[in-house]
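The values are calculated or read from the model by the stated rules, or taken from the named source; none is laboratory data. Every value quoted in this text rests on a predicted model; they were computed, and no experiment measured them. Cβ atoms come from the backbone with ideal geometry, glycine included; neighbour counts cover every protein chain shown.
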């Protein structure tokens, strides 16, 4: 069950976001070369027994000439919308850079898009839009629809909160 596919014309790789592997439900991200389909690697293998939907994959070019895979999807039963940023450099020690989860009903449609200029990830659903800053700019001012000044902080600017590189932080409001 391929949910989304993207092609990187620079590295000549295809990236697939799948929901089944060996008859197990989960989140599976597979990359393989255009020239050799047998030369493949898993960026993620998470057998969680949950269906995913409304998937999106974007390749993000960093300023240091590296590349990241930005993927998003909603998950059934736990009603979350997940945004993950993975390092797709073949020499990377670990691929997961950021993971952001927010509430999203399975029954409601949601779409995620990446703004190339600001590196913001925009989530659009029936309740409106949400913005997650994925760029390296620590913070920047924005004005909301009511003309109120707000400060938008990037996920990278919160990396100092990590106690261990493998920690995941859960923010709730």
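Tabulated data
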| item | result |
| --- | --- |
| Given (1) closer than 29 Å to residue 78 by Cβ; (2) without any contact (Cβ under 8 Å) to a residue 24 or more places away in the chain; (3) surrounded by 14 or more Cβ atoms within 10 Å (Cβ to Cβ), number of the condition residue 33 does not satisfy | (1) |
| Close pairs from region 1-22: first touching a residue at least 60 places away in the same chain (Cβ under 8 Å), partner part of a loop (DSSP other than H, G, I, E, B), Cβ under 8 Å, at least 6 apart | 8/88; 11/88; 13/34; 13/88; 15/88 |
| Members of region 84-138 found to be assigned to a loop (DSSP other than H, G, I, E, B) and closer than 16 Å to residue 44 by Cα, listed by number | 88, 89, 90, 91, 92, 93, 94, 95 |
| Among (1) modelled with pLDDT of 85 or more; (2) under 22 Å from residue 28 (Cβ atoms); (3) surrounded by 14 or more Cβ atoms within 10 Å (Cβ to Cβ) - the single one residue 95 does not satisfy | (1) |
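Residue by residue, here is whether (1) within 25 Å of residue 156 (Cα to Cα); (2) in contact with a strand residue (DSSP E or B) (Cβ under 6 Å, 6 or more places away or on another chain); (3) surrounded by fewer than 19 Cβ atoms within 10 Å (Cβ to Cβ) holds:
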{"position": "22", "(1), (2), (3)": "no, no, yes"}
{"position": "56", "(1), (2), (3)": "yes, yes, no"}
{"position": "103", "(1), (2), (3)": "yes, no, yes"}
{"position": "107", "(1), (2), (3)": "no, no, yes"}
